[in-house]
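Here the structure is laid out as structure tokens; the discussion comes afterwards.
The values are calculated or read from the model by the stated rules, or taken from the named source; none is laboratory data. Worth saying up front: this structure is predicted, and the values here are computed from it rather than measured. Using ideal geometry, Cβ is built from the backbone for each residue, glycine included, and neighbour counts are taken over all protein chains shown. For accessibility, only protein heavy atoms count, side chains too; no ligands or nucleic acids. Shrake-Rupley method; radii C 1.70, N 1.55, O 1.52, S 1.80 Å.
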Amino acid sequence: MCRQHIVVSLIVAVACMMAALPAFAMDAGQYAESAGSKLGRGAVNTATGWGEIPMQTYLGSQQDGVLGGVAGFFRGIGLGVARTLTGAFEIATFWAPVPGEFKPVMQPATVFDWPTHQAYAKAGSQISRQ
């Protein structure tokens, strides 16, 4: 009896996923390029999430001196963990256009995207709300 429930549940889940496939429709070339970019971005973020620590320490010290550097160090630890986990999420879901159209989950997309606007310099990396 329990086995039948599992089989029925799996069939219903597969049917729901198949019904949702047209929502992910896009040009094959664009899909492959976007999925590949997401996979690469995820790999970079997973491997280099720790780079948030020196980045945030530097940015904090530039704004508020030594105390800002100390605060930036701890902010960098938190953002480094978030960036590493975000990278793992992007690797695991590189095939799916989530969030919308393969956009980055965090801004800037990688730690190597040097801050060019004031919002990043003040608050550090931000998780996109798109």
- prompt: Quick one: would you say PRO104 is at pLDDT 90 or above and not in a helix (DSSP H, G or I)?
  reply: yes
field: Verdict on LEU85 being hydrophobic (A, V, I, L, M, F, W, C), surrounded by 14 or more Cβ atoms within 10 Å (Cβ to Cβ) and in contact with a Pro (Cβ under 8 Å, 6 or more places away or on another chain)
entry: no
statement: Across (1) assigned to a helix (DSSP H, G or I); (2) open to solvent by less than 50 Å² (accessible area, probe 1.4 Å); (3) modelled with pLDDT of 85 or more, THR110 clears everything bar (1)
message: Looking at (1) at pLDDT below 90; (2) within 30 Å of GLN30 (Cβ to Cβ), which one does THR86 not meet, given that it meets all the others?
response: (1)
- prompt: Going by the conditions given, is GLY49 in a helix (DSSP H, G or I) and in contact with an Asp or Glu (Cβ under 6 Å, 6 or more places away or on another chain)?
  reply: no
Every pair of residues 6+ apart whose Cβ atoms lie under 7 Å, when the first sits in the stretch 26-47 and is within 14 Å of VAL98 (Cβ to Cβ) and among the aliphatic types (A, V, I, L, M) while the second is open to solvent by less than 50 Å² (accessible area, probe 1.4 Å) and not in a helix (DSSP H, G or I): ALA35/PHE102
